[in-house]
1. Based on what the data block shows, is B:N761 polar (S, T, N, Q), open to solvent by less than 60 Å² (accessible area, probe 1.4 Å), away from every other protein chain (no Cβ under 14 Å) and more than 26 Å from B:F965 (Cα to Cα)?
2. For residues in the stretch B:709-740 being of a type in the set (G, A, S) and more than 15 Å from B:I751 (Cα to Cα), which is most open to solvent (accessible area, probe 1.4 Å)?
3. Would you confirm whether or not the stretch B:583-599 contains a residue that is crowded, with 16+ Cβ neighbours inside 10 Å, assigned to a strand (DSSP E or B) and more than 22 Å from the chain's Cα centre (by Cα)?
4. Scanning for something within 14 Å of another protein chain (Cβ to nearest Cβ) and either among the aromatic types (F, W, Y) or assigned to a helix (DSSP H, G or I) (or both), does the stretch B:862-876 turn up at least one residue?
5. Across the stretch B:89-103, what is the total count of residues that are free of Cβ contacts under 8 Å to residues at least 24 places away in the same chain and crowded, with 18+ Cβ neighbours inside 10 Å?
6. For residues that are assigned to a helix (DSSP H, G or I) and either without any contact (Cβ under 8 Å) to a residue 12 or more places away in the chain or under 19 Å from B:D166 (Cβ atoms) (or both), tally how many sit in the stretch B:176-212.
7. In the set B:I688, B:I696, which member is touching a Phe, Trp or Tyr at 6+ places or on another chain (Cβ under 6 Å) and either modelled with pLDDT of 90 or more or open to solvent by 90 Å² or more (accessible area, probe 1.4 Å) (or both)?
8. Might you let me know whether the stretch B:613-623 holds any residue that is part of a strand (DSSP E or B), loosely packed, with under 14 Cβ neighbours inside 10 Å and either at pLDDT below 85 or touching a Leu at 6+ places or on another chain (Cβ under 6 Å) (or both)?
Amino acid sequence: MSKRILIAEDDVFLCKMYKLGLEGLGYEIEMVPNGKDAIAAVAKNPPDLLLLDLLMPDVDGFEVLREIREKGQKFPVIILSNLSQEIDKEKCRTLGASDYFTKSDMELDQLAAIIKKYV
Amino acid sequence: MQENQSSQIPDGLNDEQNLGWKSQHAAELFDLVSRNSNQLVYEYTPETGRILWTGAILEVTGYTPDEFAAIDINEWERHIHPDERVNADKALKEAQEKRRKFHMTYRFQRKDGSYVHIDDEGIFIFSEDGVRMVGTMKDVSERVRLEQEANASKDFLSSVLGNVTDPIFVKDDQHRWIMLNEAFCTFMGRSQEELIGKSDYDFFPKEQAKVFWEKDAEVFRTEKENTNEELFTDAKGVVHTIVTKKTIFTDSEGKKILVGIIRDITDRKEAEKNLITSQTKYKAIYEESSDAIMLLVPGKGFISGNPAAIALFGCKNEQEFTSFAPDQLSPETQPDGMASGIKSQQMMAIAMEKGSHLFEWRHKRADGKEFPAIVLLTRIEVEGKLILQATVRDITENKKMAEELAKKQEQLRLLLDSTAEAIYGIDLKGECTFCNAALLKMMGYAHQDELLGKNMHAMIHHSHADGTPFPAEQCRIFLAFRNGEGTHVNDEVLWRKDGTSFPAEYWSYPQRKDGKVIGSVVTFMDITEREKAEEELKRLAAIIASSDDAIIGKTLDGTIVDWNPGAEKTYGYTAGEALGQNITMLAPEGRQEEIRTLLQRIRDGDSVRQLETIRRRKDGREIPVSLSVFPITDEEKKIIGIATIAHDISALKQSEEELKNTKARLEEEVINTRKFLQAVENSSIATIIASPEPSIIYVNPAWEKLTGYHKEEVIGKNPRLLQSGQTPKTLYPQMWNAILQGHEFLTEDIINRRKDGTEFNAELRVYPLMDHGTVQYFIGMQTDITLRKRVDKAKSEFVSLASHQLRTPLTAFRWGLGVLRKTGPLNPKQEEIAEDIQKAAAHMAESIDVMLQLSRLEAGKVQVKSTSFRLSDVINELCTIFHPQAKLHNHSCNFQMDENITLTTDSALLREILSNLITNAIKYSPDGGTITLTTKIADKSVQISVSDTGYGIPHDQQEKIFSKFFRATNVLGKIPDGTGLGLYLVHSLVELLGGTISMVSVENQGSTFTVTLPLSPPSP
């Protein structure tokens, strides 16, 4: 049974790239365009790993992360954001993020390797 | 005095005779005292205005008694000096009206037009006969002059000479008098002033002057003492016989001077002459005498009688007179009952035996009428035979004489008592015969009986000033008796009854009777006041000598005659140099005229006070002086000299100058303050000044506008009233800490509240005004930055948002390219395009990162988080990161580091700083270069240097390298992907960490950037 990866990303183009990059690696991928949907998706069916963007409309990534961890869900959450400041990284670590990467430093190949580490 | 005079009254007189003698004696005494005191005695009847004059009329007034008899009250007033006339008239009227004593000293014009000082004292007597005034006018010129002299003269020699009774003069080799004594002046009848500098030719007839001159010349030539007897006609035309002893002395300057001492021997000459002419004279007296004189041969009768005798006895001629026997010219018995014949025999016998005999006798005229007489029988020798001369005086007028006596005595008493001078008489034994009221008062006695008959020397003259006994034998008054001379003493003291003493000046005049000295009249006065005046003079002289002010005496033409030490100090000339010079020598160039004008003003009677001008010292220096110039006048207010008091006001001038400068400075400060105040008042920056308490002492209009508070509401309040509670709590302690230590404090984090409750963000700059280490005031300047804060926030949010919105598509580019390459190999052309897109995206991403960082930095959002760490850890990390990149360009990396350096700062920011520098080093060096990193500890700091062997920076652009968007021109074409923000960011970060950055670069050789950071952050 293939692993389920939930990706929360509001940018349509990037969503396409994630799909293209992770395609063929044997994962079941579900995409949500905002935090609200992400929370709903997790509640409905918790994934094996969550790729979480921080800056999203409505409910942002920080809020999503907090709710997941507050509900006691332990699946890995990897933050992939444009926010590069230490303060944001620190905040996410505190909230229980598994890892934190800035999109500008990340290549899709690298991402695949990282995901592989967690699932 | 009546009783005590009795000792001098010849014995054997009855009361009537006694009265007669006393009357005569009183008149003589009266006259003697008057004359000796140089007194006129007057009796003035206000009703008629007539005045009867007696006494020393000629001596005092120069008029003969006959001439002076015409002087009535109007004439008297006319003779008084015009300046004193009105006062004299007034005083006289007042004295009469108020029945007071009249006493005044005034100047009285002598016949020759000169003035003498008269001391006039008189009292009004109110009797049944009407009002009359009796008084004395005394010539006190001498006294006044002496007093003036005492006040003015420094020449003590002349006062020594003045006490010598013989006239003494000193002549220079030009025969001019240069020094004289008083006696000489009296002798000449001239004042000293008239005589000094003149010679005999100025006062004597040519012939006589020539005689004197030649004799002087002879003495000068031979230098031998010479005594001449000369005839000399005085000012009054009286011929004197004088003996002049002349001696030559050489004075201190080597000049010959002639000293002459004159003795008037007229009287002696006269006596000799009289002897020769005595017979003739006797005859004349005999013939012309008003007394009856007759010659009587005892036992025979009268042998002759003079016309007065013939008339007295009522005879027709001498023949008839000699026909009477002596007893025929007397009644049968004398008043004592004795028969005239017997008694006359006795009287004649006594006279023959004793030589003379005075007795009273009752005579009978030829017509049988009897009359009382005084008879003096004198034994004389005529042609070898002894006969008697009888002088008979009819004393029928006795009663009148008694009255006369009473009147004279009354006058004398009044005279003696009205004079201010103490007067007493002594007999040969030195016992008091009379004394006046002034003496009693002065000496502290209540009544003259306390002194009459007492030895006056023992009473009032017993001791010297120092209290040692003064034997009577040494007393000059007594000494004077022996020589029959008067004396004048002014250096002794007299003693009062209460044992106190006072300095006195006294004169004694021998009192003669019939050519014999019978006593002395002594007058004296208390000269305490005069001595005080002399003391005053000495003190004045001392003041002048010790004054720092220049005190200069000048003649009317400006010749210097007095020059005190103050003048020497002020002007630099010694007295020897200055005396005799003209005062214009002190004038600086071009000021001679000023001095001449000044002198003329003074000559015109003006005086000048505190004139500020310039004078030149001996050394040529010109000094500012304050001058007071005034005329010196004599008694008659005539200007005789000019005095100047000059005060050196250099110091004053200097301080005035300083004062002026200070004033100018203060004015400038006031102007500056005003300007400053204006600037502050008009400033748009809200400004507040507070005292350290703190309480507000000033706010400007901008502050009022900003806060909504009115000035009056906040003065004296604590500036805290603006606090909103929104400002970070730690900020105020930081602020106080800084400003109390004298540092300026700047913050943008204040949130204040206006009066209306609204809040605003303020940028506050506070700085203390220090004085000697203490805070005097705080100045706070704040601007409302609410809008700016809002804009900043908006900008920062915008940049952040924009960055993310830009980054997302960039990520899409990269990832898209990655996906594209995975779809299959691209042809070379496609691969090249893909490569360009990738680079452009990477450059853009870098730019966005830097801008983002800068925007955060500028917005103050970058917080420094200091931790302690080993520097080598950070550098090793960077080495790992950059090694691959360097290798790509064939650069060799040479990172040397001290393993032991630990520093405390924000490691992330330090990493960013060094990353930028290393990136630059790699980027701006041609392939195959060397990148070197070194560390060094230097004085609590660490220096980290990053060097390359690259293109370097052109020299003329080096100073701009840390500014925003700078890119060196030499690399623009070679390295297209620079942002121009990297070094600006590095510079800002280094400053944020409290460090500095410097650079050394040579074009085409390379650059070295050195960052210096404190080992630990500076304490706030």
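The values are calculated or read from the model by the stated rules, or taken from the named source; none is laboratory data. All of these numbers come straight from a predicted model, not from anything done at the bench. Using ideal geometry, Cβ is built from the backbone for each residue, glycine included, and neighbour counts are taken over all protein chains shown. For the accessible areas, the whole protein counts, side chains as well, though only heavy atoms, and no ligand, DNA or RNA atoms are used. Shrake-Rupley method; radii C 1.70, N 1.55, O 1.52, S 1.80 Å.
1. Spelling it out, B:N761 is indeed polar (S, T, N, Q), open to solvent by less than 60 Å² (accessible area, probe 1.4 Å), away from every other protein chain (no Cβ under 14 Å) and more than 26 Å from B:F965 (Cα to Cα).
2. So in the stretch B:709-740, the residues of a type in the set (G, A, S) come out as B:716, B:724-725, B:738.
Adding the requirement that they be more than 15 Å from B:I751 (Cα to Cα) leaves B:716, B:738.
On the way: B:G716: 52, B:A738: 20 Å².
Result: B:G716.
3. no
4. no
5. 1
6. Looking only at that region, the number is 18.
7. B:I688
8. No, the conditions are met nowhere in the stretch B:613-623.
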